[in-house]
Structure formats: C-alpha cells, structure tokens
Amino acid sequence: MRTTVGIIGGGPAGLLLARLLHRVGIDCVVLEARTREYVEHRQRAGMLEQGTVDALRACGAAARLEAEGLVHQGIELRFAGERHHIDFPVLTGGRTVTIYAQTEIVKDLVALQLADGPPLLFEAQALAVEKPESEQPVVRFLHEGREQTLTCDWVAGCDGFHGISRDAFPAATSRTYAHDYPYSWLGVLADVAPSCDELIYARGENGFALHSMRSPSVSRLYLQVPNGTEPDDWPDDRIWDELAARFAIDADWTLGRGPITAKSVTPMRSHVHEPMRHGRLLLAGDAAHIVPPTGAKGLNLAVSDVRVLGRAFAELHRTGSEQLLDSYSELCLDRVWQATRFSYDMTRMLHAQPNGDAFESRMQLARLHRITASRHAAAELAANYTGLPLPL
Ligand SMILES: Cc1cc2nc3c(=O)[nH]c(=O)nc-3n(C[C@H](O)[C@H](O)[C@H](O)COP(=O)(O)OP(=O)(O)OC[C@H]3O[C@@H](n4cnc5c(N)ncnc54)[C@H](O)[C@@H]3O)c2cc1C
C-alpha cells in the first residue's frame with residue numbers, strides 16, 4: 001500500500017487528522033490496532049475546550065455534539081466544607097467548556113471516515129516505522145493475519161502512550177520527561193442523573209473526588225485511591241459512601257446514587273517526549289505526551305496538536321512550503337508544557353498526600369483560598385481550564 005500520510009492510531013488524534021487531511025484533498029490511511037467496537041466504547045475523557053469543539057465543527061463532525069453536548073459555564077471547587085463557583089465566561093471574556101464523551105467523538109469520526117473518508121483499517125497493528133529519515137518512510141503492520149507495508153511521504157504517530165511510533169526516534173536526539181504521582185483514580189460510570197450542573201472538584205482530608213457527567217442521565221465520578229488499587233477492592237456501596245463523604249458540605253446537598261456500569265483504575269502520570277518530529281515522522285496526542293486527568297487536558301492537547309499538524313500539511317499541499325512542518329514540534333511543545341504545568345498544579349493542589357504531610361495540606365488550602373479570594377488567581381485557573389490559544 002502507498003499513501004501521502006500514514007496515520008498510526010484511530011483514537012481522537014488519528015481520526016481527526018484524517019478528517020482534516022481529507023477536507024483539503026490529502027490522501028491518508030489510518031491503521032488502528034483494535035476493533036471498531038473496542039475503540040468506540042473505551043471510556044475516557046469528556047470535557048472539551050472551546051477550541052476542540054471548534055475543530056470538530058470545522059470538519060463537519062459536530063452535529064451530534066451540538067445537539068447533545070452540555071455547555072458548562074464553570075466548575076465548582078469544594079473544600080473545607082464550602083463550595084465556590086468559578087465562572088468561566090465572566091473570568092475569560094465569554095469562554096465556556098462542553099461536556100461530550102470521547103467515546104461519542106470517536107463514534108462520530110469513525111462514522112464519517114467509513115462513509116466518505118480515506119481508508120480506516122481496524123485490527124491493523126503497526127509493528128514499526130522504518131526509515132523515518134528518508135523521503136519514503138514505511139510502516140510495517142499486521143492485518144488479516146499477514147504482515148504488510150504502508151509506504152508514505154509522511155507518518156503521523158497518533159498511537160497513544162503505549163504505541164510504537166516513539167520507538168522510531170533515536171535515543172541520542174530524544175528526551176523524555178516523566179513524573180509519577182503517588183496516587184491513582186478509581187473512575188466509575190453510573191446510570192444516575194448528575195447531582196450537579198457543573199463539574200465538582202472536591203478536596204478533602206481523605207482525598208480528592210470529582211463529580212463529572214456524560215449526559216443528563218449518566219454520571220462519571222472519580223475517587224483518589226492508593227497506587228496498586230484494584231477495582232474489585234471497591235464494592236459499589238463503599239464507592240458511594242466514600243464519594244458522599246468527600247463531597248459533603250455544610251449546605252443542603254445529597255449525592256444521587258444509581259447502578260454502576262463501569263469501574264476502572266487509572267494511574268496518574270505526566271510524560272513529555274521531545275522532540276515531536278523526527279525526519280518525516282510526527283507524533284501527536286498521547287503518543288507524545290500525557291498528563292494526569294485533573295486538568296482535563298489530554299484529549300484537548302491531542303486535538304490542538306492535530307490542528308497544528310493539519311494546517312502544516314495543508315500549507316505543504318497548497319504552497320509546497322515545509323515551514324510549518326519544520327516548526328511543528330516547537331509550536332506544540334510550548335502549549336504542551338503549559339498544559340503539563342496546569343495539570344500538575346491542579347493535581348498537587350487537590351489530592352491528599354499519602355504521607356499525610358501537614359505542611360503540604362495547609363499549602364493546598366492556601367492555594368484554594370487564594371483562587372476563591374482573588375479574581376486574578378481565579379482568572380488564571382479559568383484561562384488554563386478553558387484552553388490557552390492555539391500557537392498559530
Ligand atoms: C480516565 C481518563 C479520563 C480522562 N479525562 C480526560 C478529560 O476529561 N479531558 C481530556 O482532555 N482528556 C482526558 N483524558 C485523556 C484522553 O482520554 C487522552 O488524552 C486521549 O485519548 C488522547 O487521544 P489520542 O488519540 O492521542 O490517543 P488514544 O486515545 O490513546 O488513541 C490511540 C489509538 O492508537 C491505537 N494504537 C496503539 N498502538 C497501535 C499500533 N501499534 N498500531 C495501530 N494502532 C495503535 C490505540 O488502540 C488507540 O485507538 C482522560 C484519560 C483517562 C484515562
């Protein structure tokens with residue numbers, strides 16, 4: 001097989017890139033290791049920055065999002081028995097965020113791709129990217145029981161944190177920055193109407209909890225748990241009791257309970273790979289960087305990488321100039337590090353320290369009080385949460 005851009009990975013980054021390329025007449029092939037069923041049901045993100053919504057709209061993938069997405073005007077911070085509203089439009093000059101599940105974005109993009117897009121192969125597992133420094137890099141992959149090759153002008157490594165694209169970068173010119181946090185998130189999906197209109201970020205002495213939602217009838221909730229926790233360590237009643245305790249406030253408020261339909265544990269880590277380009281191989285999304293989910297940045301960063309990459313390929317196609325492709329890594333990494341910093345700060349501010357460090361605990365409260373007392377501090381949080389501008 002031969003194509004202009006070989007895309008490894010059919011997650012949000014790879015699928016959106018395929019749409020952006022298709023719209024400007026650049027041919028591509030998407031290789032996805034898993035089945036369609038699997039990628040359409042993998043529970044992950046749900047909070048979209050305005051720029052992410054705009055990108056999906058611009059490539060004709062936002063019809064359902066516009067009908068079903070929940071526009072949120074802010075978030076609630078809960079700590080020390082009190083609740084505080086952070087008003088995004090007031091603090092940012094009108095920006096909002098939208099709740100729409102990643103699973104639904106993937107379904108929408110897959111449907112468009114299969115209807116009129118370039119090839120999207122499921123159960124096509126990339127094994128290696130060969131000769132990325134050459135004019136014709138090759139992706140070796142397994143599909144329908146045999147090894148095949150995809151010869152490309154360019155390769156986009158959109159294969160997530162556990163993919164193979166990063167392996168093609170030479171160790172001598174690559175650097176990885178990583179940080180593991182001493183706690184994980186137990187996430188549950190529950191068939192119960194959310195008990196709030198906005199996301200609640202709760203800091204308690206027993207740990208952090210997040211109340212999120214996927215739709216008006218489905219809640220998504222998270223609990224800070226020790227590393228090494230197994231989902232089965234937490235029977236449903238224990239989860240609801242602990243959530244209720246961590247969200248407890250002085251005012252009248254109760255947490256609605258319902259059947260839990262999915263349960264998983266996610267370790268918290270930050271990871272940035274530099275650079276994001278080697279020869280004709282370009283990384284985008286989780287393949288290049290991951291952040292702890294506290295700042296809701298992972299999916300949004302994947303989309304912003306792809307928006308830059310899509311424009312760079314469009315410029316090459318239209319004018320023959322590789323200028324944007326040459327600055328791709330630098331352009332993206334600036335925003336990546338800002339999102340990494342924001343996710344780190346949010347995580348450190350809201351999670352209980354496993355060693356019970358009393359000084360650190362008071363620092364967290366001081367940071368939270370500053371945000372709720374100072375418009376400037378709240379505006380800084382709101383600007384980062386709703387998304388920093390695209391570097392173009
Ligand atoms: C519990 C949780 C909550 C989250 N909440 C949020 C949130 O609220 N907001 C937010 O912005 N982000 C959130 N994230 C992060 C977000 O889900 C990811 O950042 C996002 O999925 C990145 O998209 P991607 O396309 O880069 O990678 P992925 O979604 O990981 O997609 C990569 C794809 O490549 C495929 N693949 C891997 N290896 C190969 C191979 N060798 N050959 C072919 N295909 C391959 C995989 O099967 C996968 O489909 C959350 C993540 C988790 C785990």
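List of remarks:
- Evaluation of residue 26 against (1) modelled with pLDDT of 95 or more; (2) surrounded by fewer than 15 Cβ atoms within 10 Å (Cβ to Cβ); (3) more than 10 Å from the ligand (Cβ to nearest atom); (4) not in a strand (DSSP E or B) (one fails), failing number: (2)
- Within the range 217-231, residues that are polar (S, T, N, Q) reach partners that are outside any strand (DSSP E or B) and buried (at least 17 other Cβ atoms within 10 Å of the Cβ) with beta carbons closer than 7 Å, at six or more positions or on different chains, in the pairs 219/192; 219/194; 224/351; 224/352.
- Considering only residues in the range 133-175 that are basic (Lys, Arg) and in contact with a strand residue (DSSP E or B) (Cβ under 7 Å, 6 or more places away or on another chain), the one that is surrounded by the fewest Cβ atoms within 10 Å (Cβ to Cβ) turns out to be 175.
- Enumeration of residues in the range 67-89 that are in contact with a strand residue (DSSP E or B) (Cβ under 9 Å, 6 or more places away or on another chain), closer than 15 Å to residue 108 by Cα and free of Cβ contacts under 8 Å to residues at least 60 places away in the same chain: 69
- Only a single item in (1) aromatic (Phe, Trp, Tyr); (2) within 16 Å of the ligand (Cβ to nearest atom); (3) over 19 Å from residue 142 (Cα atoms); (4) out of contact with any Gly (no Cβ under 7 Å at 6 or more places or on another chain) is not met by residue 79, and it is number (2).
- Among residues of the range 283-301, those that are within 7 Å of the ligand (Cβ to nearest atom), assigned to a helix (DSSP H, G or I) and within 21 Å of residue 382 (Cα to Cα), counted: 5
- Some residue of the range 95-112 being within 24 Å of residue 37 (Cα to Cα) and of a type in the set (Gly, Ala, Ser): yes
- Residue 371 vs. criteria more than 13 Å from the ligand (Cβ to nearest atom), in contact with a His (Cβ under 9 Å, 6 or more places away or on another chain), under 28 Å from residue 212 (Cβ atoms) and in contact (Cβ under 8 Å) with a residue 60 or more places away in the chain: yes
- Every residue from the range 104-130 that is touching a strand residue (DSSP E or B) at 6+ places or on another chain (Cβ under 7 Å) and without any contact (Cβ under 8 Å) to a residue 60 or more places away in the chain: 114, 127, 128, 130
The values are calculated or read from the model by the stated rules, or taken from the named source; none is laboratory data. Predicted model, so just to flag it, every value in this text is computed and none were measured. Note that we place each Cβ from the backbone using ideal geometry, even for glycine, and neighbour counts take in every protein chain shown.
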